[in-house]
Amino acid sequence: MLALWSLFVSAFISSTIAPGASEAVLAYQVAEQLQPVLILVAVATLGNTLGALTTWWLGSLTAKKFPAEHLLDKHRQKALRWVQHWGYWSLLFSWLPVVGDGLCFAGGWLKLPLFISTVLICVGKLCRYLFVAYWFV
């Protein structure tokens, strides 16, 4: 049970502003067969999705008080333009390092629909974790 919690926390932290190593934690746990692979992938996906939704929510809150152009660093401004152009489909790429956090923040900032944002974020993250698990089974 401790292994699952450590994976969940690592995945959650990895998808917020703080750096993390959820792929490495997942790869280790899959290789050591600590739990069934699908359970490990599900826990990592859930933690990472909830962390991304936290970032989405922070973007939504920030948009109420401050203009994006003055607050966002260069990566997040690029992410904001990307989301403005591609809409909620861009959230499929929320799993990408560096830019993924910015996409989630921008999605919240632009008040993209929460339900579809959640689904697309989850699908992108699930695909990434399935790929990682596949290589370490």
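Derivation of every value follows stated rules applied to the coordinates shown; laboratory data play no part. What you are looking at is a predicted structure, and each value in this text was computed from that prediction instead of being measured. Quick reminder, even Gly has a Cβ in these numbers, built from the backbone with ideal geometry, and neighbours come from all protein chains shown.
Values computed for the structure shown
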{"quantity": "Percentage, to the nearest whole number, of Cα pairs in the chain over 26 Å apart", "calculated": "23 percent"}
{"quantity": "Degrees separating the helix 114-136 axis from the principal Cα axis of the chain, which is the longest one", "calculated": "40 degrees"}
{"quantity": "Over region 2-136, relative contact order from alpha-carbon pairs under 8 Å, at least 6 apart, %", "calculated": "30 percent"}
{"quantity": "Net length gained if the chain between GLU32 and THR54 were fully extended (0.36 nm per residue, minus Cα distance)", "calculated": "4.9 nm"}
{"quantity": "In sequence order, calculated HN-Hα J values of region 82-94 (Karplus, 6.51, -1.76, 1.60; Hz; x Gly/Pro)", "calculated": "4, 5, 4, 6, 9, x, 5, 4, 4, 5, 4, 9, 5"}
{"quantity": "Residue-span extension gain [VAL98 to VAL123] - 0.36 nm each, minus C-alpha spacing", "calculated": "7.2 nm"}
{"quantity": "For LYS65, LYS111, LYS78, LYS125, order by how many other beta-carbon atoms lie within 10 Å, fewest first", "calculated": "LYS65, LYS111, LYS78, LYS125"}
{"quantity": "Calculated FRET efficiency for the pair LEU2/TYR134, C-beta based, R₀ 30 Å, to 0.05", "calculated": "0.75"}
